[in-house]
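The values are calculated or read from the model by the stated rules, or taken from the named source; none is laboratory data. Treat the numbers as computed from the prediction; the structure is a model and nothing was measured. We place every Cβ from the backbone using ideal geometry, glycine too, and count neighbours over all the protein chains shown. Side chains are part of the model used for accessible areas, which takes the heavy atoms of the whole protein and leaves out ligands, DNA and RNA. Shrake-Rupley method; radii C 1.70, N 1.55, O 1.52, S 1.80 Å.
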Amino acid sequence: MGWVEDEEKLDRVETALRSSLQRPPFPELVGLPHLVQELRSWLKDDRQWRHARAAGWRSLVRDVEASLVPYPTSVLAHAGDRSDLLDELQECDRELGQEELRREEMLRRRLGRICDQLEAGLITSEARTAAWDDLVARNASQGQARASAARLFDVTAWAGLESEGLLQALEFYLEGQRQRPIASARLRLARAGAQVARAPDRGIITVWLRILFAPIHAGMLAVGSNVQIYQASWLAAKFANPDAATPTDVLNDDGSLRSLCRADELLNPSNPPVAAHVETPWALVSIEVPNATTQEAVGRARRTAATLGALGTLYGADPSLWRIDDSFVTFRAGRRSAATFAAPVADSASFTERVAVSRDPTAGLLRHNALRLGKQLPTTPGRMDEIAELMLWLREAHSSPPASRLVLCDRAIETVSGWAGVATPRRFVEMHLIPSWSRRQMLGEVRAIAIEIFYNDQRRVFPAGDPRHDAWAEVASDPTLRLRDIAEGDAGALKALIANVDKLLARLPLDHPDWDQVGRLARQVASPRATLDWLKDLTKKGMANEARRSRTRNALVHGGPLSGPTVNVVIAFAQYMADEALARTLEGFLDGEDACTAFMKLGHQGDRLTRRLRAGEPVADVLTWF
């Protein structure tokens, strides 16, 4: 009856594998690879090492120790002596609790060495084989087998094997590879074990994703050499009539990419496609990921594609645009590799999205930054990936309640202030972000006047030839004021209006609804001294807003009394501070500068602006020089 026992053993192993991927909502232990990664990130962060409380560090080290204890000696032997590893963790835990020892550089290096040992040893094929053997040996106990299977998936994922894909492969071998006659259970277990030990299948993988509400306004937009964005209708035409510009994957497609593009819908003249309408465009993005498994490639590609949309949000794009569809198609070595088609995301645009699409700056920003940004894509672990993660959090935060958004904004500000090497987030905001905010408020007021008069002046609605319409047209088309250029987003045109605001005021009727606003601007830029007073007043308002933001954030985080109306008032300022912090960090990173250098330069620019105003230089030149 040995064959019956082997079949039962195989069934128990397969059951444990399936059930282990369903992790409990309140696990006693966290996966060891995740904890080692978290400990590495803590050790890497100087602020965390020097200023975090001992309780946090000890909690993390104890989590690592607790997750390490259940690992069998046969698996841990590939990382080092089990007793030595546990003794070293316990000794580090004790030293972390002693104030005079807690920030020693030697302690930091010892913890780093433990991370190195565990990772180097447990990603090996020998460790994976030992974890598989442990699972097979523990099959008789459902609880032990499930825990052993969870450890197996942890070490295989650490080595780069995708868990769901590995489970499918193991089931394929355990169930007999569809061969007849079916092999013995013992042989099937051995074949499955060989799959665990094999090296991850890595290579250059091209991932295709669909992006909804992504106006490209051109056939193709390249962001560096690894990322290409295609207008869906342009790409669909290549399926019907390929030419020299047709992507190679289109020529090698087996129908999956055509379906992702929805080419048949776009090419069918009897059924006008949604994407043909300017209000609801979609695009496809092709992202080439080097040296990756399929799972890693798809994950990095999704992060990269989402980063493209998040960049637009930093500069004012609506966060509902550039939405990544759940479906994907991959190619490896020119052949279609894997594809998944999820339930389609609704692509019928709301009124807000239709308006936002017509004003979306994302494609223009990507073109402007294509060379610099393309060198950092697809995202890889490091500072670019950390920036991208914060950008995505902030983008998604727009759909959260104001209180949640405020906490996420504070997270971004605190993180960037740490990167910049500033002592406290409050000082970072006051010294580096508020001066920038004040100048932007100035230029924003100039821009608002141009938009109001060019688009919303009531005289515009009268027919041509009417004196009221002609008076408006004369102002709107005046080349010395450049109202149209400003209203359409030309930042370089702001200088003209600042220099000639008196001329604009003189040509407005006294009863014009914008007369007071234009008059106030004329007084604020009448002289360098007046503009300096305006700047000081805005800075004072910024400081008051920051005090309010800090007070409200502390109440949220520490459970203090909270006023809903105050949260609603504060959120716009907090969102600007977070966006500005990330935008400046990204700009500096793309120029090869760290955050400290980028914000030092920003501070020097603000100081120079003030000095130039005090020196009596023309206001229009000073406010628009950078």
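The table below lists the values:
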{"read-out": "Amide H within-cut-off set for Ala222, under 5 Å, with H built and near neighbours excluded", "value": "Ile229"}
{"read-out": "Check: the chain dipole with +1 on Lys, Arg Cβ and -1 on Asp, Glu Cβ, in debye", "value": "1100 debye"}
{"read-out": "Span from the the stretch 118-180 Cα centroid across to the the stretch 567-626 one, whole angstrom", "value": "52 Å"}
{"read-out": "The chain - mean residue ellipticity at 222 nm from DSSP helices (-39,500 (n - 2.57) per run, n ≥ 4, rounded to 500)", "value": "-19500 deg cm²/dmol"}
{"read-out": "Residues whose placed amide H lies under 5 Å from that of Arg198, excluding near-sequence neighbours", "value": "none"}
{"read-out": "Probe 1.4 Å, accessible area per residue of the chain, Å²", "value": "48 Å²"}
{"read-out": "D (Stokes-Einstein, µm²/s), Kirkwood Cα radius, the stretch 358-437, 1.567 mPa s at 4 °C", "value": "88 µm²/s"}
{"read-out": "Residue order for Asp466, Asp84 - accessible surface, 1.4 angstrom probe, largest first", "value": "Asp84, Asp466"}
{"read-out": "Under-5 Å amide H pairs with Val289, H placed in peptide plane, nonlocal only", "value": "Ile205, Thr206, Val207"}
{"read-out": "By accessible area with a 1.4 Å probe, ligands and nucleic acids excluded, highest first: order of Thr307, Thr566", "value": "Thr566, Thr307"}
{"read-out": "Cα-based shape type of the stretch 105-251, given that a ≥ b ≥ c are square roots of the gyration tensor eigenvalues and the cut on a/c is 1.5", "value": "oblate"}
{"read-out": "Counted charge near Phe626, where neighbours are those whose Cβ lies closer than 15 Å (Asp, Glu -1; Lys, Arg +1)", "value": "+2"}
{"read-out": "Rounded to whole Hz, the Karplus (6.51, -1.76, 1.60) HN-Hα couplings of the stretch 495-512, x for glycine and proline", "value": "4, 5, 5, 4, 6, 10, 5, 4, 5, 5, 4, 5, 9, 9, x, 4, 8, 5"}
{"read-out": "Share of carbon and sulfur in the accessible heavy-atom surface of the stretch 562-626 [1.4 Å probe, %]", "value": "54 percent"}
{"read-out": "Rh (Kirkwood; distinct C-alpha pairs) - the chain, Å", "value": "28.8 Å"}
{"read-out": "Note, ³J(HN,Hα) from phi for the stretch 203-208, Karplus 6.51, -1.76, 1.60, rounded to Hz, x at Gly and Pro", "value": "x, 7, 10, 9, 10, 9"}
{"read-out": "Cα gyration tensor shape of the stretch 1-135, rounded if a/c is under 1.5, else prolate or oblate by comparing a/b with b/c", "value": "prolate"}
{"read-out": "Mean projection area, nm², convex hull over Cα of the stretch 452-572", "value": "10.2 nm²"}
{"read-out": "Residue-by-residue Karplus 3J(HN,Hα) for the stretch 373-383, coefficients 6.51, -1.76, 1.60, Hz, glycine and proline x", "value": "5, x, 5, 9, 10, x, 4, 10, x, x, 5"}
{"read-out": "Length released on extending from His604 to Arg484, taking residue separation times 0.36 nm less the Cα-Cα span", "value": "40.0 nm"}
{"read-out": "Area of Phe341 that stays accessible when all protein chains are in place (1.4 Å probe, Å², to 10)", "value": "100 Å²"}
{"read-out": "Sequence-separation-based contact order of the chain, relative, with Cα cut under 8 Å and 6+ spacing, percent", "value": "11 percent"}
